[in-house]
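One structure is given here, and the rest of the page talks about it.
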Amino acid sequence: MYAHSSESLIKQAREIQESELQKFHSRLGKLLQGKELGHEAVDSLQRLHIILSSLSCVHCFQSTNCSPSLHLYCLRADLSSLCAQLLRSLESRQSEGPANSLTHTLPILNTILTHSPDCLTEDHVTLLSKKLVDWLRYASITQGGGVPSGGFFTGPRSRQPVPTAELDGTVSGDFFTVLCVGQGFTEDQWMNVYSFSMLRHWLLTYHSVSNGNNTADTDDRSEVDGSVVSMVSATSSSSRLLPPKERLREKAFQYCQRLIEQSDRKAHKRTDTDLQKACLVEAVCILDCVCGEDASLVYRTFPCIKALFGRLSSDLSFARVLLPIAQFYLNHGEMAAVDCECVWKLVFGRFPAELFNNQFLAHELLRFLRLNLESLQLRVPQYSHSFPNLLKFLAWDSPAVVDDFVDLLPSLVTAGTAVELLHTLLDLPCLSATLVLQVRSTCLPISEPGGRGLLSLDAFRSQSFRGLFLFLLRGEAGSGDTIDRLSTLHELLAETADWSRVVQCAQTVPVLLHIFFNTVIAVADEKLLAHLVQVMLERSSLLLNIPKYNKEIHRVFSSHLLRLCKLHPSLVVDQSHELLEFAGATAKVYSKEEIYTHVVWVLGEYLSVSCDSRCSVKLITSCFETLEAVLFEITSSAPPPGADCPVPRVVTSLMSALAKLASRSHDLIPRVSLFLSKLRTVTRGGPVAWCSDEEDLVAIVTRGEELWSLLKAPGVAQSVLTPPALVTSPQWHRDTNVAMLLRLRALTNLTHSQ
């Protein structure tokens, strides 16, 4: 356990035995109880940090694989005792222990806080809050180590204190922060950095501490004992009168304000510029936390946040900073009565449109949306209309973000956006191809290995087709549900069908369509649902030709067409013209057998007076004649060149639909009976051109004979082919007017009495 290699330490920490762990715990407790912290104590604290990080204390406590003694070690009482000892060590003066002793203690406290925040008591919170105030606000403002006054033989006593500097090289004119630089740093400056790194976590977590007896002093003894600087500052601020938690919030506010001011300075190094951005993210998040705890700080903070947004909003390289600013506006903008429209134009407009290929931003923005769904739906009307832009993240990198959109998509489905959203989901592979072309068009001319230029790239650059691509790249909904020349667009993008991004995007569409239809049922009225049925029928023939993509979409359409018609049978009468037009196209038997079969089934099932009183004999006859013509055509000739024979399910669905319609209008029974009898006669002569498989032919003929037998007794045929709801959904056990209920009650009483 005491090897010096870091990797060896981590490995040994994970494999540590119970007895070793108990001995180490006991030994560390004794070291921490001493008046001074020696090098051995510091070394032990480092090792404890590694153990806690590798074992994940709470995980060990809950894991069934841990032994009883290890569970005992990880009990909350032990952690609370350890926290008390660590906090006691923080109160010692810097001279009482070796250098860097405090810098090892604070990370351990933060680790314990991460895994088990409830092990801290209110006294612990008070003490640590006071120490954080000291380190954040009153760290030294001179560089650590000093600078020699001159000469090779200059001794340490002649070193002169040098003030810390800003990132632009000027001397720091205010208190020390993480953005101050120097040749070296003092321990309290390092503690300033560590304190800032855990400040947000602490502000978010200290509410979950246990409410034990408060034994800590109510004065600021920890600050006075902490350093000479804190002694001098003991009477320097009116905030001294605030309770520890409120005072920490005030100092956190001042610290973050200072960081925002420092971030406006031009750094000399690229790494320092990145540091400024990272500190801005953390500063804005901390300000959001303190404003959430103390509403009075909102009015003091907003001028600074508003000015920061104005300074950064034109530079998308600060997108990582602008998202926390958007979070601040979302959380506090309504209270401060601030206009947030410019923020949402940036978040839902420029971010997805210009940074769709930025993986980090995609992750952060989608996480922001998932965490704030309810607030966005209530307070940001632009959100639900931003799906054309947001879906660019999915179109560009589907595998990485599909889980996010599984969560987000239901919030984008509204009565006003449903139709356009359905078209947009179906066009996602086209959008994926267009984004690739957009990126490539900014590079050098691209050719395929064979030397031929990409026709799709030429089309993207052509003014003749520019409108088609601009519609796909639109930033918000409302400019139209779809475009007229979809078939032209698909022809232009035909060569993109095997691009990896396009194929991956196409694979996510069926999943999203299921979510869409499951959601839209709850928000749409029958008029909207009728429109969606029409869109499904139209778009079944207007899809980018990607292998397996069309069949998958047809399968989704089929399942949800049945579901919609079952929930709202009147949709069949409302859309009878469109459904009959689709069912009357014989070519669809060979190219779209999945959805064609289901369209035929819903016509035969729901075109009935029992489902909709508007269903007339004329409509039933019209439907019968349409389906009869198709069935006659496909069973009297060979399939078209290049097409396979119709699948048996299509033929049997057509026969069943005709029989159902004839049972509701008895004048049609002779016509369907004649066809079924001829079918049996024709097949007796041997193989037929429209069915190449003998078993399939036998199944079709058998089904025909069953229907023919039923139709000989029209009354029976109607009750079998179109049974009433009483038969399909019996509830005899609940009906008090039938004897079944009495019998069930009698049987229940008999069994209970025994």
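The values are calculated or read from the model by the stated rules, or taken from the named source; none is laboratory data. If you're wondering where the values come from, they're calculated on a predicted model, not measured in any experiment. Don't worry about glycine lacking a Cβ; one is built from the backbone with ideal geometry, like all the others, and counts go over all protein chains shown. Accessible surface is based on the protein model in full, side chains and every heavy atom, while ligands, DNA and RNA are left aside. Shrake-Rupley method; radii C 1.70, N 1.55, O 1.52, S 1.80 Å.
Tabulated data for the structure shown
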item: Of all residues making up region 312-330, the number that are under 14 Å from L376 (Cβ atoms) and either at pLDDT below 95 or open to solvent by less than 30 Å² (accessible area, probe 1.4 Å) (or both); result: 4
item: Test: residue in region 436-453 that is assigned to a helix (DSSP H, G or I), among the aliphatic types (A, V, I, L, M), open to solvent by less than 30 Å² (accessible area, probe 1.4 Å) and closer than 20 Å to L543 by Cα; result: yes
item: Some residue of region 700-714 being of a type outside the set (V, I, T), open to solvent by 40 Å² or more (accessible area, probe 1.4 Å), over 18 Å from V600 (Cα atoms) and touching a Ser or Thr at 6+ places or on another chain (Cβ under 7 Å); result: yes
item: Qualifying residue in region 625-636 (condition: over 20 Å from L562 (Cα atoms), open to solvent by 60 Å² or more (accessible area, probe 1.4 Å) and at pLDDT below 90); result: yes
item: R200 open to solvent by 40 Å² or more (accessible area, probe 1.4 Å), farther than 20 Å from D264 by Cα and at pLDDT below 90; result: no
item: Selection within region 540-551 - buried (at least 18 other Cβ atoms within 10 Å of the Cβ) and under 18 Å from H598 (Cα atoms); result: S540, N550
item: Residue under evaluation A336, criteria (1) in contact (Cβ under 8 Å) with a residue 12 or more places away in the chain; (2) open to solvent by 10 Å² or more (accessible area, probe 1.4 Å); (3) within 21 Å of C279 (Cβ to Cβ), criterion not met; result: (3)
item: Tally, over region 86-137, of residues that are modelled with pLDDT under 75 and not in a helix (DSSP H, G or I); result: 7
item: Options T177, T218: the member that is within 27 Å of L127 (Cβ to Cβ), at pLDDT 90 or above and either among the β-branched types (V, I, T) or in contact with a strand residue (DSSP E or B) (Cβ under 6 Å, 6 or more places away or on another chain) (or both); result: T177
item: Qualifying position, being modelled with pLDDT of 95 or more and more than 25 Å from the chain's Cα centre (by Cα), among L486, L543; result: L543
item: L679, sole failed condition from (1) at pLDDT below 90; (2) touching a Leu at 6+ places or on another chain (Cβ under 6 Å); result: (2)
item: Among the candidates P381, P399, P352, residue that is open to solvent by 10 Å² or more (accessible area, probe 1.4 Å), over 19 Å from Q276 (Cβ atoms), in contact (Cβ under 8 Å) with a residue 40 or more places away in the chain and out of contact with any Gly (no Cβ under 6 Å at 6 or more places or on another chain); result: P399
item: Filter result for L373 (open to solvent by less than 10 Å² (accessible area, probe 1.4 Å), touching a helix residue (DSSP H, G or I) at 6+ places or on another chain (Cβ under 9 Å) and farther than 23 Å from L316 by Cα); result: no
item: Residue count for region 382-431, restricted to those that are assigned to a helix (DSSP H, G or I) and of a type in the set (V, I, T); result: 5
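Here's the yes/no breakdown for (1) open to solvent by less than 40 Å² (accessible area, probe 1.4 Å); (2) touching a helix residue (DSSP H, G or I) at 6+ places or on another chain (Cβ under 9 Å); (3) among the polar types (S, T, N, Q); (4) in a loop (DSSP other than H, G, I, E, B):
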{"site": "F557", "(1), (2), (3), (4)": "yes, yes, no, no"}
{"site": "L562", "(1), (2), (3), (4)": "no, yes, no, no"}
{"site": "C565", "(1), (2), (3), (4)": "yes, yes, no, no"}
{"site": "V573", "(1), (2), (3), (4)": "yes, yes, no, no"}
{"site": "H577", "(1), (2), (3), (4)": "no, no, no, no"}
{"site": "V589", "(1), (2), (3), (4)": "yes, yes, no, no"}
{"site": "I595", "(1), (2), (3), (4)": "yes, yes, no, no"}
{"site": "S610", "(1), (2), (3), (4)": "no, yes, yes, yes"}
